Structure formats: structure tokens, C-alpha cells
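See structure below.
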Amino acid sequence: MDIRNEFLQFFQNKGHEIYPSMPLVPNDATLLFTNAGMVQFKDIFTGIVPRPSIPRATSSQLCMRAGGKHNDLENVGYTARHHTLFEMLGNFSFGDYFKEEAILFAWEFVTKNLGFKPKDLYISVHEKDDEAVKLWEKFVPVDRIKKMGDKDNFWQMGDSGPCGPCSEIYIDQGEKHFKGSEDYFGGEGDRFLEIWNLVFMQYERSNDGVLSPLPKPSIDTGMGLERVQALLEHKLNNFDSSLFAPLMEEISELTSLDYASEFKPSFRVVADHARAVAFLLAQGVHFNKEGRGYVLRRILRRALRHGYLMGLKEAFLYKVVGVVCEQFANTHAYLKESKEMVMKECFEEEERFLETLESGMELFNLSLKHLNENKIFDGKIAFKLYDTFGFPLDLTNDMLRSHGVRVDMQGFENCMQEQVKRSKASWKGKQNNADFSAILNAYAPNEFVGYETTECSAKVLGFFDSGFKEITEANPNQEVWVLLEKTPFYAEGGGAIGDKGALFKDNEEAAIVLDTKNFFGLNFSLLEIKKALKKGDQVIAQVSDERFEIAKHHSATHLLQSALREVLGSHVSQAGSLVESKRLRFDFSHAKALNDEELEKVEDLVNAQIFKHLNSHVEHMPLNQAKDKGALALFSEKYAENVRVVSFKEASIELCGGIHVENTGLI
């Protein structure tokens with residue numbers, strides 16, 4: 001059974017819109033990786049953006065749980081169900097259906113589509129959710145429904161915001177396989193396995209902890225694809241299912257070992273980590289000393305250590321990664337397109353670590369022989385392994401696990417603090433504490449007219465200070481944000497900086513526009529006030545001449561990306577860019593630096609398209625139609641149901657909301 005397709009089609013037939021898996025790197029500074037299916041709908045659940053025209057959604061979301069709040073890395077290989085990368089099947093309701101339909105849909109899919117026997121299914125509910133109990137009693141005897149407390153059956157997004165009770169479906173895997181004292185429903189054993197979590201978002205928690213009913217309760221569910229696959233195949237471990245079979249076969253061939261041998265945990269670690277490495281590299285994450293890139297490096301090095309245990313002393317993981325790319329080529333085409341680049345980058349990182357792995361293992365083994373009687377591993381040695389030999393701390397802990405030994409963390413931290421060489425992780429970001437929900441409730445999205453004109457008359461809807469608290473007037477020498485009823489100023493996006501310009505009142509310059517940004521669908525311009533202005537004033541908004549120079553560089557980036565893909569391969573994708581009036585910078589993914597010949601080819605291709613004087617063409621169309629036409633999209637961007645497509649005849653076609661020249665000859 002194709003579980004993914006079965007699930008998506010089931011909910012599509014129930015009126016749900018199918019959403020593609022969002023990138024593993026979310027557009028959310030509070031998250032290291034996308035770790036749940038609801039992440040791409042977070043702004044809808046919190047009311048920051050309006051709910052879609054179809055208030056029901058379903059998806060099969062790639063998730064990463066390695067690093068950050070949700071970190072399963074240390075458990076991978078040693079448990080039956082932990083993964084760094086997995087797919088989460090989910091259905092969502094944005095103020096549409098609630099508990100009754102969610103329970104009905106889940107029960108129907110589990111018993112009819114998946115074919116699980118009702119007698120094997122058990123249900124957990126929140127201890128105060130009597131409504132859910134009554135709904136479940138239609139399908140399950142009351143003695144198979146267990147009430148649990150907040151720790152197990154209450155979900156919340158954060159310290160405040162939407163939250164609510166949840167209900168989980170469990171399956172009894174059979175008494176004959178599990179004889180432990182904790183193998184009862186509600187115990188810590190593995191006999192009763194959770195397969196689906198239904199979250200009933202019915203409350204809003206205030207900053208002081210008070211719960212208030214939501215006017216339109218919502219549904220958020222999640223079910224692990226790998227877990228379901230194993231259950232359908234009557235496997236007690238996810239890694240024993242057919243999903244992992246091609247990887248186990250490759251590892252067995254590389255090591256000349258049998259998966260059923262004593263090295264079974266190492267097989268599982270390598271298989272799991274190869275999947276994570278393949279997807280992260282293909283989506284533009286690169287090996288680094290910090291942030292997401294360092295998590296990627298830790299995953300690879302942990303896999304190499306387990307390969308080392310199985311006798312692999314040379315680079316090997318890149319071959320397993322290649323199998324991952326082939327295995328998922330039909331469902332994630334970008335893996336096939338970037339296979340060569342992904343394997344090459346993986347190989348080069350392996351080679352770097354293998355240079356120090358042998359020496360590091362010698363130091364580790366020597367230190368292990370001289371442990372103190374408390375079985376505590378010297379923190380200074382752990383730090384030396386980290387700093388000199390490139391052994392992440394969790395790798396050292398993993399090696400110590402089988403010896404029942406732990407690292408002296410205080411000693412390790414002391415060494416780390418003394419060094420102070422590592423910079424702060426790039427993903428951490430700043431959180432904006434502005435209450436945008438209040439602004440969104442007060443103001444509808446303002447109209448952007450900048451595609452048609454660089455000047456317009458507009459009414460001032462409001463002024464806001466640096467913390468986005470509304471103020472009624474703006475006085476000379478103040479810096480404030482302004483929200484205009486309509487605006488010609490393009491907001492920063494897609495690498496292009498925001499428009500600058502001026503506001504005029506009574507034929508006098510009243511404010512200089514320093515920058516323009518979009519926050520949750522509203523275009524705000526940052527002003528330096530020259531003449532007093534107040535809410536309700538009518539002004540003339542005028543974009544500066546820099547707009548044309550920025551447009552030239554923006555169009556040039558499109559031609560550049562197209563040329564790079566033609567010269568280097570279709571795996572090339574934009575990882576970042578900066579488009580200003582005097583220059584452009586284009587970041588992209590490739591296994592090595594360009595040589596002189598490649599640079600010359602790219603330059604010649606771009607210049608050739610400029611000299612052809614190609615006209616730009618803008619269309620609006622559904623996202624799927626745009627992708628079918630070959631329009632390039634950014635992994636890091638969220639796209640609406642309908643998108644804007646910018647093309648320069650056969651030279652380039654991309655999803656883009658930016659400003660461009662009318663003809664490449666103007667570049």
C-alpha cells in the first residue's frame with residue numbers, strides 16, 4: 001500500500017486541500033527545523049494570516065528532530081521508532097470541523113483504509129475532556145479509553161496562544177511480543193504503540209495562564225508514516241520495514257555484514273542518518289561549524305562512527321545517500337536532480353572527518369582504559385575530542401553509552417567557555433514581540449500599486465513606533481513606521497531591498513522613506529519625519545530613482561540563476577541573494593567553487609540574454625500550474641494558492657513578486 005497517497009486521497013475526498021511538504025528549514029526564527037506538520041499552518045492557527053478559502057488541509061510533511069527543543073538524535077538506532085528525519089501525515093481544520101468529524105475521519109481511515117482491527121485499538125483522552133470520551137464510545141468500549149493528564153494529553157504551541165486537549169489512538173502489538181512490567185496501556189513499554197495524535201485546539205492561553213474558549217476551534221493531527229508502514233507489515237521496529245530495506249541492503253553490501261547481526265543498531269543509525277543527510281543537502285543546508293549546518297555535520301559524523309564500528313575505514317555514507325536519492329526520486333524530484341551534488345558534498349565531508357577519526361578513536365580508547373572509579377569520562381578529553389578531532393559531544397556520549405559511562409559535563413563546559421571561539425548559531429534569530437495580531441485585527445492588507453506606478457496619492461492609516469505600538473501623530477526628527485491605505489513602495493523580499501523615497505504634503509517634503517518591509521501581508525514604510533504628520537492625512541507617496549537600478553539587478557539575478565543551472569546542472573538553486581541599487585549577490589548550492597572556464601560560460605550566457613533584448617512577461621496562475629510550466633521556486637519561501645510568474649521568454653521563468661525591467665536590454 002502507498003500509505004502517503006492513500007492518506008492524502010482519503011482526506012482530499014473529505015474536502016481537504018492537499019498541501020506539499022514545506023522545506024525542512026522553516027521561515028520561522030524560533031525553529032531550527034520543521035518538526036511537525038502544523039508548522040506551515042502556524043500563522044493560520046494563530047490568526048496572523050486569514051484562513052484559506054478551503055478551511056481544510058492535509059499533507060505529508062518531512063520533519064527533522066535533531067537539535068533544538070525536539071531532539072531525537074541520541075535515541076536513533078537504540079529504539080524501535082525514533083528517527084532524525086520522518087514523514088508526518090496530518091489533517092487540519094481551520095475553524096471548520098471539530099472533534100466529532102476529526103474522530104470519525106481518523107477511525108474510518110485506521111480501520112477501513114489501513115485495515116487495523118478495532119479490537120486492537122485503544123484511545124487516550126484528556127482527563128477533563130468528557131466530550132471526546134462520549135464521541136469515542138461510539139467506536140470503542142469504555143474500558144479501552146484511558147483518561148490522562150496535561151503531561152500526556154494537553155498540547156500547546158508555546159507559553160501562550162492556541163492550545164487544547166488531545167486524543168491519541170494506540171494499537172496493541174500483542175502480548176506474545178512484550179512481557180515487561182511496563183507493557184500495559186498507559187505504561188512505558190512498547191506493547192501499546194501510539195499511531196495518531198488528534199489535537200483539539202479549543203482554547204487561547206493568555207500571558208497570565210488563563211484559558212479562554214476560541215471562537216472557532218481547530219484541528220491539528222499527526223501520524224508517522226514510518227510507524228504505520230512497520231505496523232502494516234507486522235514489524236516491531238520501524239527499521240525492519242520495506243521503507244528501509246534498500247538502505248539495509250546497501251549497508252550490508254558495503255560492510256559484508258548481515259543486518260540481523262550484532263551490528264543491527266549501527267545499521268539503523270547509518271540508514272536513518274543517510275536519509276537526513278540526503279534531504280538536508282538537497283534542500284540547501286551545508287556542513288558548517290554552527291546552526292543547522294553543524295547539526296548536519298553531527299549527524300554525518302555519528303553515522304561515520306557507526307560505520308567505523310562495522311569495519312568501514314573509508315568514505316561510504318555518500319553511497320547510501322545515493323540510494324536515498326534514488327528511492328525518493330519519484331516523490332521528491334529535487335533529490336534526483338541534485339543527487340550528484342549531494343553525494344559529492346557528502347563524500348568531501350566524510351574525507352575531512354576520516355582524517356582525524358582514527359586518531360580521535362585512539363585517544364578515546366586510551367582514556368576509556370584510565371577511567372576513575374565513578375565511571376566519569378574526563379570533560380577535558382571530551383572537549384579535546386570535540387575541538388581537535390571534530391567529535392561532537394553527542395558522538396562521544398554515543399560511544400560511551402555501551403560502557404555505562406558519562407562525560408564530566410562541568411569540565412567540558414569549562415573548557416568550552418574558556419575557548420569562546422564559536423559564534424552564536426545562525427538560526428537563533430530575533431523574535432519580534434510586536435502585537436501584530438492587534439494590528440491585523442484593526443487593518444486590512446493595504447493595496448500595493450508599485451507594479452503600475454512609482455507615485456500615488458494615499459491616506460495615512462496609522463503611525464507606529466519601533467515596537468509597533470500605534471501612535472496618532474509623527475513629529476520632525478522622529479523615525480516611525482507608516483501604514484498607507486495604498487502604497488507604491490515595494491517591500492523587501494526575494495533578496496531585493498525595500499523601496500526608498502519620500503512622502504509629500506501640501507507640495508512639501510514631509511518625510512523621507514528609509515525602507516519598506518512587509519509584516520504579515522501589510523506593507524510598512526520606515527520614515528524620517530521632516531514635517532508633522534497625523535493619522536488620516538492625505539499624502540503623495542513617491543518612490544526614489546533607485547527603484548530602476550534595483551530592478552535591473554533583480555532581473556539580472558534571474559538570468560544568472562538560469563545560466564548557472566545550464567552550466568553546472570539543474571541541482572543549482574538559490575540559497576540566498578541580495579539585490580541593491582549598486583550591486584547584486586547570488587548564493588547558490590554547488591559542490592565546489594567555479595573554475596575560470598565555468599565562470600566565463602556563465603558570464604557569456606547572461607550577456608547573450610541581455611543583448612537579445614528579451615521582454616519580461618508577468619502572469620498569475622495556480623501554484624501547481626506554474627511548477628508544471630517549469631517555474632523555479634525557492635525552498636525557503638511560502639507560496640499562496642495563486643502565484644506571480646516572471647519570465648524572460650526562453651531564458652528564465654521563476655515565481656517572483658519582485659520588480660523587474662521591461663526588457664533585458666535595459667540591464
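The values are calculated or read from the model by the stated rules, or taken from the named source; none is laboratory data. Values in this document were obtained by computation on a predicted structure and should not be read as measured data. Here Cβ is always computed from backbone atoms with ideal geometry, including for glycine, and neighbour counts include all displayed protein chains.
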Taking region 184-215 as the search range and keeping residues that are among the β-branched types (V, I, T) and part of a strand (DSSP E or B), which one is farthest from I169 (Cα to Cα)?
V199
When you go through (1) under 31 Å from the mean Cα position of the chain (by Cα); (2) closer than 26 Å to L281 by Cβ one by one for G360, which number turns out not to apply?
(1)
Positions within region 502-518 being surrounded by fewer than 22 Cβ atoms within 10 Å (Cβ to Cβ), of a type outside the set (A, V, I, L, M, F, W, C) and in a strand (DSSP E or B), in sequence order:
K505, E508, E509, D515, K517, N518
Within region 353-371, the residues that are in a helix (DSSP H, G or I) and surrounded by 14 or more Cβ atoms within 10 Å (Cβ to Cβ) are F353, L354, T356, L357, G360, M361, L363, F364, S367, L368
Does region 238-261 contain at least one residue that is closer than 20 Å to A66 by Cα, assigned to a helix (DSSP H, G or I) and not β-branched (V, I, T)?
yes
So which of V646, V602 is under 29 Å from T454 (Cβ atoms), of a type outside the set (G, A, S) and surrounded by 12 or more Cβ atoms within 10 Å (Cβ to Cβ)?
V646
Filter region 105-136 down to the residues that are small (G, A, S) and more than 17 Å from K14 (Cα to Cα), then identify the one that is surrounded by the fewest Cβ atoms within 10 Å (Cβ to Cβ).
G115
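Residue by residue, here is whether (1) in contact with a helix residue (DSSP H, G or I) (Cβ under 8 Å, 6 or more places away or on another chain); (2) under 22 Å from T34 (Cα atoms); (3) part of a helix (DSSP H, G or I); (4) at pLDDT below 95 holds:
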site: V133; (1), (2), (3), (4): yes, no, yes, no
site: V140; (1), (2), (3), (4): yes, no, no, no
site: K151; (1), (2), (3), (4): no, no, yes, yes
site: W155; (1), (2), (3), (4): no, yes, no, yes
site: G158; (1), (2), (3), (4): no, yes, no, yes
site: C163; (1), (2), (3), (4): no, yes, no, yes
site: C166; (1), (2), (3), (4): yes, yes, no, no
site: Y170; (1), (2), (3), (4): no, no, no, no
Hey, could you check region 649-667 for residues that are of a type in the set (D, E, K, R) and over 28 Å from I54 (Cα atoms) and say which is surrounded by the most Cβ atoms within 10 Å (Cβ to Cβ)?
K649
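So that you can scan it fast, the table gives a plain yes or no per residue for (1) more than 30 Å from T34 (Cβ to Cβ); (2) small (G, A, S); (3) under 26 Å from the mean Cα position of the chain (by Cα):
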| site | (1), (2), (3) |
| --- | --- |
| D604 | yes, no, no |
| A633 | no, yes, yes |
| K649 | yes, no, no |
| S652 | no, yes, no |
Report, by residue number, each residue of region 607-632 that is crowded, with 18+ Cβ neighbours inside 10 Å and closer than 17 Å to T557 by Cβ.
Q609, I610, L614, S616, A631, L632
Being without any contact (Cβ under 8 Å) to a residue 12 or more places away in the chain and among the polar types (S, T, N, Q) is the filter; apply it to region 590-618 and report the residue that is farthest from V567 (Cα to Cα).
N607
Filter result (in contact with a Gly (Cβ under 8 Å, 6 or more places away or on another chain) and basic (K, R)) within region 365-417:
K375, K380
Have a look at N35, N75, N91, N5 and point out the one that is in contact (Cβ under 8 Å) with a residue 40 or more places away in the chain and not basic (K, R).
N91
Any residue at all in region 202-218 that is within 20 Å of Q156 (Cα to Cα), within 25 Å of the chain's Cα centre (by Cα) and surrounded by 20 or more Cβ atoms within 10 Å (Cβ to Cβ)?
yes
Boolean, E233 is within 23 Å of the chain's Cα centre (by Cα) and not polar (S, T, N, Q)
no
Across region 1-59, which residue is surrounded by the most Cβ atoms within 10 Å (Cβ to Cβ) among those that are among the hydrophobic types (A, V, I, L, M, F, W, C), within 21 Å of the chain's Cα centre (by Cα) and assigned to a helix (DSSP H, G or I)?
M38
Any residue at all in region 547-556 that's assigned to a loop (DSSP other than H, G, I, E, B) and either β-branched (V, I, T) or at pLDDT below 90 (or both)?
no
Counting only residues in region 519-538 that are part of a strand (DSSP E or B) and of a type in the set (A, V, I, L, M, F, W, C), the one modelled with the lowest pLDDT is identified as F519
Could you list all residues from region 72-105 that are in contact with a Phe, Trp or Tyr (Cβ under 8 Å, 6 or more places away or on another chain), hydrophobic (A, V, I, L, M, F, W, C) and more than 20 Å from E233 (Cα to Cα)?
L85, F92, F94, F98, A102, I103, F105
Are any residues in region 469-484 assigned to a loop (DSSP other than H, G, I, E, B) and in contact (Cβ under 8 Å) with a residue 40 or more places away in the chain, and if so, which ones?
T472, N475, P476, N477, Q478
Residues of region 520-529 satisfying the condition of being under 32 Å from the mean Cα position of the chain (by Cα) and surrounded by fewer than 18 Cβ atoms within 10 Å (Cβ to Cβ)
F520, G521
Just give me the residues in region 576-599 being of a type in the set (G, A, S) and surrounded by fewer than 12 Cβ atoms within 10 Å (Cβ to Cβ), in sequence order.
A593
Residues satisfying the stated conditions in region 138-183, i.e. over 28 Å from the mean Cα position of the chain (by Cα) and surrounded by 13 or more Cβ atoms within 10 Å (Cβ to Cβ):
F139, V140, R144, I145, K146, K147, M148, I171, D172, Q173, F178, D183
Looking at region 379-434, which of its residues are modelled with pLDDT of 70 or more and assigned to a loop (DSSP other than H, G, I, E, B)?
T388, F389, G390, F391, P392, S402, H403, G404, V405, D408
Before we move on, is I381 of a type in the set (V, I, T) and touching a strand residue (DSSP E or B) at 6+ places or on another chain (Cβ under 7 Å)?
no
Cβ pairs under 6 Å, 6+ apart, first in region 112-130 and assigned to a strand (DSSP E or B), second surrounded by 11 or more Cβ atoms within 10 Å (Cβ to Cβ) and of a type in the set (S, T, N, Q)
S124/N153; V125/S167; H126/N153
